[in-house]
Structure formats: structure tokens, C-alpha cells
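The values are calculated or read from the model by the stated rules, or taken from the named source; none is laboratory data. Quantities reported herein were computed from a predicted structural model and do not represent experimental measurements. With ideal geometry, Cβ positions are generated from the backbone for all residues, glycine too; neighbour counts draw on all protein chains shown. Keep in mind that these areas ignore ligands, DNA and RNA; they rest on the heavy atoms of the full protein, side chains included. Shrake-Rupley method; radii C 1.70, N 1.55, O 1.52, S 1.80 Å.
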Amino acid sequence: MHDDDEPVGRVLGRRQALILLGAAGATLTAAGSATASATTPSAGTPEVCALDCVVKPEQMEGPYFVDERLNRSDIRSEPATGQLVPGTALAINFTVQKIRQQVCTPLPAAMIDLWQCDAYGLYSDIPSQGSSGRRFLRGYQNTDQSGVARFTTILPGWYTGRTLHIHVKIRTVGTNGRPYEFTSQLYFTPEFGAAYLRTDPYRRKGPADTTNSRDSIYRSGGAQMLLRPTQAGTGYTADFAIGLDLSNTQVGRPD
């Protein structure tokens with residue numbers, strides 16, 4: 001197994017989160033939520049908050065995070081040269097919600113960092129990989145008033161012992177007034193990954209040596225962190241909505 005990540009908790013699907021939040025058989029309701037059900041509710045009826053996952057507690061962290069403080073939406077380029085790394089474009093649209101008393105509302109000004117390997121399995125600014133001083137495929141965005149932040153990246157490559165994934169860290173302030181961090185990873189279905197790895201430039205390296213089912217990190221909650229990209233021109237786009245319990249100090253501790 002490649003020395004990549006250490007599980008530190010788990011990510012719960014919405015049904016599990018409802019039970020732990022004391023809302024079994026109920027629904028999370030949305031107040032001004034950008035991810036609420038498209039169905040228009042009748043007067044006095046709460047909207048359903050459509051989240052991909054609710055974190056309680058954190059899932060995992062890894063050693064390849066470098067706090068570059070690169071405020072940018074398109075993370076594909078090397079800042080020193082402006083050159084884009086090769087790979088198929090992927091737009092990720094995040095919506096971040098805060099959950100309190102079974103109600104979810106948009107979380108503005110949350111700092112979302114993304115970092116990932118390139119099409120050949122390499123990370124930037126990692127001395128052991130010979131990439132010191134380079135900063136491709138790293139960057140952050142702050143969520144807007146609707147809790148939304150958008151990124152343009154590439155579909156990731158792979159390296160020994162890990163399934164396909166993209167790292168994500170969300171930083172905000174907890175209900176105790178202290179810094180709050182949530183760190184995890186985003187994954188892809190095996191079918192989707194197998195298909196794009198047969199295209200350039202990924203096919204030069206061949207199929208990944210580890211699938212989701214064989215990845216011990218993925219098995220600790222990765223099924224709740226799946227991206228489901230759809231084709232958009234020559235690239236892909238994916239939406240991901242996440243709910244944070246900002247009173248959970250176990251999650252909020254610095255990673």
C-alpha cells in the first residue's frame with residue numbers, strides 16, 4: 001500500500017446522519033439552500049436539503065497537502081509559467097451547508113482547498129517526487145453567499161496502491177469560535193475511471209492497479225464521497241453538496 005493517507009473517522013451518508021442527529025424518519029430542511037429539492041413546497045412545508053453527504057466525524061487526511069494559499073478557480077496551470085498540465089478538464093461545483101437542529105443553510109466564506117496528482121500520478125511541490133517549487137493542481141476558493149465554490153481541474157491519474165481520488169479540505173469557524181477543518185477525498189465510480197484511463201494522456205500509464213473496493217481508504221467512507229461527472233463539451237462537470245456540523249469539535253480540530 002502506498003503511504004498516502006491515514007483514516008481518522010468516517011463520512012456518513014444522509015440517512016445515517018439523520019439517525020445520529022436524532023432525526024430518524026424525518027428530513028433535513030433547507031433555509032435558503034442552493035441545493036434544496038427542485039420541487040416547490042406548499043406554504044408551511046419545509047424544503048428537503050439534498051446533500052451528497054453529512055460529515056460526522058471527519059474521514060481522512062494525507063501527507064500531500066501543501067498550504068500554498070493559491071486563490072484561484074482554475075488549478076490546472078503551473079503558476080510560474082501559465083502552462084496547463086495535460087489531462088481531461090473537470091469542473092467541480094461545491095455547495096457547502098452548515099447543519100444545526102436538523103436545518104441546513106448555506107455556509108459563506110468557507111475556504112475550500114483542492115489538490116491532486118497529475119495524469120501520471122505525480123503531485124506538485126513534493127521533494128520526494130522531484131516537484132519542489134511547482135504548484136500545479138493546487139488552489140483554493142472561498143464559498144459565496146450561497147455556499148458555492150467552483151473549480152476547474154483535470155481528471156486525476158493514479159499511483160501505486162491508491163484508487164483514483166482528489167483531495168479536499170474545507171476551513172471555516174466552528175460554533176465554539178475556533179478554526180474548523182474538514183479534510184477528505186473525492187472518488188469516482190470504477191466504470192467511469194476505467195473509461196477515461198483508456199484515453200490520452202492517461203492510457204500511457206495503463207489501468208490503475210487499485211480499485212475502489214481494494215483501497216482501504218475508500219472503504220472507510222468513500223462511497224459517500226463519489227463524484228458523478230457528466231460530459232460537458234470535451235470535458236466533464238460534477239456537483240457535490242456537503243453538510244458540516246460546526247459544533248463537532250472532533251471534526252473541527254486542525255488536521
| query | Looking at the range 149-255, which trypsin sites (Lys or Arg not before Pro) are in a loop (DSSP not H, G, I, E or B) and have at most 12 other Cβ atoms within 10 Å? | reply | Arg198
| For Tyr120 and Ala223, FRET efficiency with R0 = 35 Å and r from the beta-carbon atoms, rounded to 0.05? | 0.85
| query | Taking only protein heavy atoms and a 1.4 Å probe, what accessible area per residue, in Å², does the range 184-255 have with all protein chains in place? | reply | 49 Å²
| message | So if the hydrodynamic radius of the range 135-255 is defined as the Kirkwood radius over C-alpha pairs, what does Stokes-Einstein give as its diffusion coefficient at 37 °C and 0.692 mPa s, in µm² per second? | response | 203 µm²/s
| What's the center-to-center distance, using Cα atoms, between the range 72-86 and the range 137-178 in Å? | 16 Å
| note | The extension gain from Arg100 to Thr81, computed as 0.36 nm times the residue separation minus the Cα-Cα distance, is 2.4 nm
| field | Coordinate range along principal axes, alpha carbons of the range 118-158, Å, largest first | value | 39, 20, 10
| What percent does the relative contact order of the range 155-255 come to when contacts are Cα pairs within less than 8 Å and at least six residues apart? | 33 percent
| remark: Scoring the range 105-150 by relative contact order with C-alpha pairs under 8 Å, at least six apart, yields a percentage of 50 percent
| request: Just grab the label-to-label distance for Ala109 and Gln145, each label 7 Å out from Cα along the Cβ direction, in nm (one decimal). | output: 1.4 nm
| field | Gain on full stretching of the segment that runs from Asp209 to Asn93 - 0.36 nm per residue minus C-alpha separation | value | 38.9 nm
| Extension gain from Asp200 to Val66, taking 0.36 nm per residue of separation minus the Cα-Cα distance | 45.4 nm
| If we sort 112-120, 96-104 on the protection proxy, mean other Cβ atoms within 10 Å, highest first, what's the order? | 112-120, 96-104
| What percentage of the solvent-accessible surface of the range 179-255, computed with a 1.4 Å probe over protein heavy atoms, is contributed by carbon and sulfur atoms? | 50 percent
